[in-house]
Amino acid sequence: MPDYDADRFTAIYDGCRQRVWAYVVSRAGRQVADEVVNETFTVAWRKLDDVPESPLPWLLGVARNILRDNIRAEARRASFAAELRSWGNPPRRTLPRRYPSATRCSRRWPRCRRTIGNC
């Protein structure tokens with residue numbers, strides 16, 4: 001990593017982080033702001049060569065896209081959860097009773113012995 005890239009990224013981060021964070025908070029609230037800002041600057045680091053000289057509008061666009069993707073993912077999760085709830089619980093399969101329970105067996109020993117053999 002050349003020093004120029006690290007210095008440029010540091011300057012972009014220091015100069016724009018607060019504004020990007022404020023933008024995200026105004027759109028989505030404080031709960032998700034830190035995560036979205038982190039993702040935004042991760043994209044900026046990966047695409048540092050594509051970041052224009054005036055990076056703030058580009059960063060705000062990246063943050064907007066990340067917010068949009070998060071909203072879409074949440075909608076998919078909610079839709080999937082609703083679909084699963086609509087299926088309800090699967091019916092319980094009851095297994096046939098082949099052998100009487102131990103208490104019934106003790107009361108009906110001769111019949112039990114014939115049913116299951118020598119207990």
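The values are calculated or read from the model by the stated rules, or taken from the named source; none is laboratory data. All values derive from a computational prediction rather than experimental measurement. Heads up, the Cβs are rebuilt from the backbone with ideal geometry, glycines too, and the neighbour counts pull from every protein chain shown.
Within segment 1-31, the set of residues being among the hydrophobic types (A, V, I, L, M, F, W, C), at pLDDT below 95 and surrounded by fewer than 16 Cβ atoms within 10 Å (Cβ to Cβ) comprises Met1, Ala6.
Only a single item in (1) touching an Asp or Glu at 6+ places or on another chain (Cβ under 9 Å); (2) over 22 Å from Asp69 (Cβ atoms) is not met by Val24, and it is number (2). Give the residue that is nearest to the chain's Cα centre (by Cα), with candidates limited to residues of segment 37-70 that are surrounded by 12 or more Cβ atoms within 10 Å (Cβ to Cβ) and farther than 17 Å from Gly15 by Cα. Selected residue: Asn70.
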